[in-house]
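Just below is one structure, and these are the notes that go with it.
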Amino acid sequence: MKALAVTTLIAAGLTVSAPAFANKDLATKSGCMACHAVDKKLVGPAYQEVAKKYKAADEAKLVEKVIKGGSGAWGTVPMPPNAAVKPDDVKTLVKWILAGAK
């Protein structure tokens, strides 16, 4: 019985830590990492810089920006629309970015 409790706690801990890896993987799978990195500017801004500029209240605005694309907020290079990425995945990615993309 004690082993079952320990196994359950370990599994719960893995479940709690898994989203951080899953979201970076989702960003890679969605093509986001071709232009963005977590901690340095590539073509687009680093996700950690985005997290410093925007707050949780900006989530809907950022989701729309990711889906429709945009330009001007970070320079002259436009971000293309990402209509092929599922809206729920975009929301997951934006939440991860706003949380510091760690």
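The values are calculated or read from the model by the stated rules, or taken from the named source; none is laboratory data. What you see is a predicted model, and the numbers here were worked out from it, not measured in a lab. Positions of Cβ are backbone-derived with ideal geometry, glycine not excepted, and every protein chain shown enters the neighbour counts. Note: accessible area is taken over every heavy atom of the protein model, side chains too, but ligands, DNA and RNA are not part of it. Shrake-Rupley method; radii C 1.70, N 1.55, O 1.52, S 1.80 Å.
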- request: Residues being aliphatic (A, V, I, L, M), farther than 18 Å from GLY31 by Cβ and either open to solvent by 90 Å² or more (accessible area, probe 1.4 Å) or in contact with a Leu (Cβ under 6 Å, 6 or more places away or on another chain) (or both): count how many of those fall in region 57-100.
  value: 1
- request: Among the residues of region 36-56, count how many are open to solvent by 80 Å² or more (accessible area, probe 1.4 Å) and in contact with a Lys or Arg (Cβ under 8 Å, 6 or more places away or on another chain).
  value: 1
